[in-house]
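Student: Dropping the structure in here first, questions after.
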Amino acid sequence: MEIHILSIFPEMFASVLDESILGRAQSRRLLQVYTHNLRDFTQDRHRVTDDMPYGGGPGMVMKPEPIVAGIRAVQERFGPSYVVLLSPQGNVLNQERVKHFARMERLLLICGRYSGVDARVTHYIDAELSIGDYVLTGGEIPAMVLVDTVARMIPEVIGDAQSAEEDSLFRGLLQGPVYTRPVEFETLCVPDVLRSGNHAAVAKWRRQHALLTTWQRRPELLQAASLSVEDRAMVNEFERGEFPEVRAGSGTKGDGG
């Protein structure tokens, strides 16, 4: 997969892209990420990318000419791409949208800045995307988030494919509690079932606790999740307070069983 990033601060991406899973994915040619300096597509000697807003008001607005010129230049050199503007006005990123973007052969991410991007730019893009309802300095950090989440969907980027599928939200639910050594830490113990070697029992426990964690922390996700008859029966137990860990109010701390 190929991802291009158009930004006035392309140097911000080096430390993120060169380390850990993203760095290894690029070295193995599973992922190619290119950053492009938006100022390279300006036409004035001062390389200006912003100007005052029509109608007055605080802040500056990113000009349309450099952005559109950058989109065209990247596509002429590398080929057609799905263009995404990182913007507070965009749809909020979720796992389903990540899967959608991961199916693209080539993404081109536009990083907004200042008080926004000239509205005419929306005629040259395919989607607007936000990573949440809060204010950031610019689109660079959202672009990093999108690259990281999309990269995890590429086959072989995550060494253990099952590991990625167990992540929170991959299947519409939050991940349940996880444990490692030691077995006992300050009187808190790893649940017996996780040490039993019974794979079916472990899978059942994990499904139950993924449902429980989601019900406790993000119950709205259950409305859209694909739940079996057994899953729905389990959620009904939570609501009636019949599940042991609901009665105990312990949430994610196992009781040994």
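The values are calculated or read from the model by the stated rules, or taken from the named source; none is laboratory data. Worth saying up front: this structure is predicted, and the values here are computed from it rather than measured. Note that we place each Cβ from the backbone using ideal geometry, even for glycine, and neighbour counts take in every protein chain shown.
Student: Could you list all residues from the range 209-246 that are under 21 Å from V190 (Cβ atoms) and either in a loop (DSSP other than H, G, I, E, B) or not small (G, A, S) (or both)?
Tutor: Answer for the range 209-246, where residues must be under 21 Å from V190 (Cβ atoms) and either in a loop (DSSP other than H, G, I, E, B) or not small (G, A, S) (or both): H209, L211, L212, T213, Q216, F243, P244, E245, V246.
Student: Next question. Checking the condition assigned to a loop (DSSP other than H, G, I, E, B), modelled with pLDDT under 95 and closer than 19 Å to T214 by Cβ, which residue from R171, R181 passes?
Tutor: R171
Student: Take the residues of the range 1-29 that are in contact with a Leu (Cβ under 7 Å, 6 or more places away or on another chain) and assigned to a strand (DSSP E or B): which is farthest from T49 (Cα to Cα)?
Tutor: The qualifying residue farthest from T49 (Cα to Cα) is I3.
Student: Just one of A119, A127 is of a type in the set (G, A, S), in the same structural domain as A143 (by TED's automatic domain parsing) and under 20 Å from the mean Cα position of the chain (by Cα); which is it?
Tutor: A127
Student: Name the single residue that is nearest to R247 (Cα to Cα) among those in the range 180-205 being touching a residue at least 40 places away in the same chain (Cβ under 8 Å) and surrounded by 12 or more Cβ atoms within 10 Å (Cβ to Cβ).
Tutor: P191
Student: For M144, indicate whether it is in contact (Cβ under 8 Å) with a residue 60 or more places away in the chain and in a helix (DSSP H, G or I).
Tutor: yes
Student: For R97, state whether it is surrounded by 13 or more Cβ atoms within 10 Å (Cβ to Cβ) and without any contact (Cβ under 8 Å) to a residue 12 or more places away in the chain.
Tutor: no
Student: Which members of the range 109-130 meet the condition of being hydrophobic (A, V, I, L, M, F, W, C), farther than 17 Å from F9 by Cβ and in contact with a Leu (Cβ under 7 Å, 6 or more places away or on another chain)?
Tutor: Within the range 109-130, V121, I125, L129 meet the criteria.
Student: Then there is this: Specify the residue that is surrounded by the fewest Cβ atoms within 10 Å (Cβ to Cβ); the eligible residues are those in the range 36-52 that are within 29 Å of the chain's Cα centre (by Cα) and polar (S, T, N, Q).
Tutor: It comes out as N37.
Student: Of the residues that make up the range 53-62, is at least one touching a residue at least 60 places away in the same chain (Cβ under 8 Å) and surrounded by 10 or more Cβ atoms within 10 Å (Cβ to Cβ)?
Tutor: The answer is yes; a qualifying residue exists.
Student: Moving on. For the range 131-140, how many residues meet the condition of being more than 14 Å from I8 (Cβ to Cβ) and surrounded by fewer than 17 Cβ atoms within 10 Å (Cβ to Cβ)?
Tutor: Here the count works out to 5.
Student: Which condition from (1) free of Cβ contacts under 8 Å to residues at least 24 places away in the same chain; (2) in the same structural domain as P10 (by TED's automatic domain parsing) is the one that Q223 breaks?
Tutor: The one condition Q223 does not meet is (2).
Student: Would you be able to say whether some residue in the range 26-35 is surrounded by 18 or more Cβ atoms within 10 Å (Cβ to Cβ) and hydrophobic (A, V, I, L, M, F, W, C)?
Tutor: Yes.
Student: In the range 191-214, which residues are among the hydrophobic types (A, V, I, L, M, F, W, C) and touching an Asp or Glu at 6+ places or on another chain (Cβ under 8 Å)?
Tutor: Scanning the range 191-214 gives L211, L212.
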